[in-house]
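Report on one structure; see the data block that follows.
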Amino acid sequence: MKVRPSALIWRYFENQTEVLLMRYQYGGQDVFALPGGNCDRGETLPETVTRELREELGVSVDIGEMILAGEMLLTERSDDVLHVVFAARNLQGEPTLNPAETTALELVWAPVVGLDQLNLYPNIGAKIQPWFSTATYLGYVGRIEQRYFG
């Protein structure tokens, strides 16, 4: 099982909360993901998120508490993944895609309201929406049901 830590980066814009997502295209469909990536040997999860944000987006943040962890067990493929999402605060710099480091097509600030309607990888929009009103650690959320984008 691979481990993929990611950052929940948000801003307040025009009276709504927005989350930073990376847009990819898989199987002819738009798929959105929180910024993050795979760990290098010897890295902690927060160190991985910090490195990935610097490499892929040219920004830095303060990595805060772990919001949730959940498994995505893909029977269609062999790469089961444990997703771990951290709160990321104090964004420094303007996020800009570095095509040498990512296959993402663009960055999108998406309203928190409606995250559950996006093709989000992992499929946690409905789980993280309530966090913005409670700021409560969601903990282990179990299996994350995910549609396969072939």
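Among the residues of the stretch 54-73, are any in a helix (DSSP H, G or I), of a type in the set (D, E, K, R) and closer than 12 Å to residue 7 by Cβ?
yes
Restricting attention to the stretch 83-106, the residues that are in contact with a strand residue (DSSP E or B) (Cβ under 8 Å, 6 or more places away or on another chain), surrounded by fewer than 17 Cβ atoms within 10 Å (Cβ to Cβ) and hydrophobic (A, V, I, L, M, F, W, C) add up to 1.
Taking into account only those residues within the stretch 40-70 that are touching a Leu at 6+ places or on another chain (Cβ under 6 Å) and free of Cβ contacts under 8 Å to residues at least 60 places away in the same chain, which is most open to solvent (accessible area, probe 1.4 Å)? Among those residues, the one meeting the criterion is 61. Please go through the stretch 108-131 and give me each residue that is surrounded by fewer than 17 Cβ atoms within 10 Å (Cβ to Cβ), touching a strand residue (DSSP E or B) at 6+ places or on another chain (Cβ under 6 Å) and either part of a loop (DSSP other than H, G, I, E, B) or among the aliphatic types (A, V, I, L, M) (or both), ordered by number. Answer for the stretch 108-131, where residues must be surrounded by fewer than 17 Cβ atoms within 10 Å (Cβ to Cβ), touching a strand residue (DSSP E or B) at 6+ places or on another chain (Cβ under 6 Å) and either part of a loop (DSSP other than H, G, I, E, B) or among the aliphatic types (A, V, I, L, M) (or both): just 108. Is it true that residue 79 is touching a Lys or Arg at 6+ places or on another chain (Cβ under 7 Å) and either surrounded by 21 or more Cβ atoms within 10 Å (Cβ to Cβ) or under 25 Å from residue 117 (Cβ atoms) (or both)? Considered against the rule, which asks whether it is touching a Lys or Arg at 6+ places or on another chain (Cβ under 7 Å) and either surrounded by 21 or more Cβ atoms within 10 Å (Cβ to Cβ) or under 25 Å from residue 117 (Cβ atoms) (or both), residue 79 comes out as no.
Out of everything in the stretch 6-33 that is closer than 10 Å to residue 109 by Cβ and in contact with an Asp or Glu (Cβ under 9 Å, 6 or more places away or on another chain), what residue ends up being surrounded by the most Cβ atoms within 10 Å (Cβ to Cβ)? Result: 10.
The values are calculated or read from the model by the stated rules, or taken from the named source; none is laboratory data. Because the structure is a prediction, the values reported are computed rather than measured. Here Cβ is always computed from backbone atoms with ideal geometry, including for glycine, and neighbour counts include all displayed protein chains. Just so you know, the surface numbers come from the protein's heavy atoms only, side chains and all, with ligands and any DNA or RNA stripped out. Shrake-Rupley method; radii C 1.70, N 1.55, O 1.52, S 1.80 Å.
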